[in-house]
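Data block below; observations after.
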Amino acid sequence: MTDLGPLLLSLRLAATTMLILLVIATPLAWWLAETRSRLKPAVQAIVALPIVLPPTVLGFYFLVFLNPNAFAGRLWFEATGSTLTFSFAGLVVASLFYSLPFAVQPLQSAFETIGRKEYEAARTLGASPLDAFMSVVAPLCRHGFLGAAVLSFAHTLGEFGVVLMVGGNIPGETRTVSIAIYDHVESLDYAAAHQLSAILLVAAFAILLGVFALNRRRAAAAS
């Protein structure tokens, strides 16, 4: 019987990362869509780094910066008594940066598409910046939020190199489904590897199929 523990852990990691990323990526994407600052290219480059850098490179630097001897790792250890490295919390921190572009870019594209006209109109009518954004911009960009949620969730669900470097392979704590598949292949247990891989394959296809179907329906309704 297939051990579903790694799959459930991966789902938990992906869901946690997705929810936090939506909070972080929304103001960042809004700033990138609206700013004319000279810092914009540098910020865009930093956001896009996980797309081009090998996951093991990112994982290595997270391992360096999150260990208890580093500043961030030491602060976390002093506050919680546990380490960020080789822990679920560390996987979440690493996953936030690893999946950041997959949340920021769909939102930025959606914000750039609608422009500022509706937002400025709401501000003129007396709405606060937050109220204008939540009541006008967010509903108009719901497809961007959907894309950001789905892509960041799916990208985190299948990550391997980053989680292996930062979290290792601790059952129930950091042993995600991608690491479990690798372990099964290493031990020549292809049946177990196939079962977990098939679950991921079907889930990924279903998620993407749903997104494309919704986008097609939205485009048909708009035309």
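Out of Arg36, Arg74, which single residue is over 18 Å from Thr156 (Cα atoms), charged (D, E, K, R) and not in a helix (DSSP H, G or I)?
When all the criteria are applied, what remains is Arg36.
Consider Val104 carefully, then state whether it is within 15 Å of the chain's Cα centre (by Cα), more than 26 Å from Asn169 (Cβ to Cβ) and in contact (Cβ under 8 Å) with a residue 60 or more places away in the chain.
So Val104 fits the description; yes.
Of all residues in segment 1-45 being polar (S, T, N, Q) and within 30 Å of Asp183 (Cβ to Cβ), which is modelled with the lowest pLDDT?
Thr2
Restricting attention to segment 171-190, which residues are closer than 14 Å to Ser10 by Cβ and either touching a residue at least 40 places away in the same chain (Cβ under 8 Å) or β-branched (Val, Ile, Thr) (or both)?
Pro171, Gly172, Glu173, Thr174, Arg175, Thr176, Val177, Ser178, Ile179, Ala180, Ile181
If you check every pair at least six apart or on different chains, which have Cβ atoms under 6 Å apart with a residue in segment 43-68 that is over 19 Å from Gly90 (Cβ atoms) first and a residue that is in a helix (DSSP H, G or I) and hydrophobic (A, V, I, L, M, F, W, C) second?
Between residues of segment 43-68 that are over 19 Å from Gly90 (Cβ atoms) and residues that are in a helix (DSSP H, G or I) and hydrophobic (A, V, I, L, M, F, W, C), the close pairs are Val47/Leu100; Val47/Val104.
Could you say which residue among Ser82, Ser87 is hydroxyl-bearing (Ser, Thr, Tyr), buried (at least 19 other Cβ atoms within 10 Å of the Cβ) and farther than 15 Å from Val47 by Cβ?
Ser87
Considering every residue within segment 46-63, establish whether at least one is touching an Asp or Glu at 6+ places or on another chain (Cβ under 6 Å) and either at pLDDT below 90 or assigned to a helix (DSSP H, G or I) (or both).
No - not one qualifying residue is present in segment 46-63.
Name every residue in segment 13-26 that is over 14 Å from Ala110 (Cβ atoms) and either free of Cβ contacts under 8 Å to residues at least 60 places away in the same chain or crowded, with 21+ Cβ neighbours inside 10 Å (or both), in order of residue number.
Matches in segment 13-26: Leu13, Ala14, Thr17, Met18, Leu19, Leu21, Val23.
If Pro68 meets every condition in (1) in a loop (DSSP other than H, G, I, E, B); (2) closer than 15 Å to Ser152 by Cβ; (3) of a type outside the set (Ser, Thr, Tyr) apart from one, which number is that one?
Single failed check for Pro68: (2).
Could you check segment 123-142 and list, in sequence order, the residues that are closer than 30 Å to Leu200 by Cα and out of contact with any Leu (no Cβ under 8 Å at 6 or more places or on another chain)?
If the condition is that a residue be closer than 30 Å to Leu200 by Cα and out of contact with any Leu (no Cβ under 8 Å at 6 or more places or on another chain), then Arg142 is the only one that fits.
So, in segment 1-58, how many residues would count as being under 30 Å from Tyr190 (Cβ atoms) and out of contact with any Lys or Arg (no Cβ under 6 Å at 6 or more places or on another chain)?
Total meeting the criteria: 20.
The values are calculated or read from the model by the stated rules, or taken from the named source; none is laboratory data. Everything numeric here is computed off the predicted structure, so don't read it as measured data. All Cβ positions, even for glycine, are placed from backbone atoms using ideal geometry, and neighbour counts span all protein chains on display.
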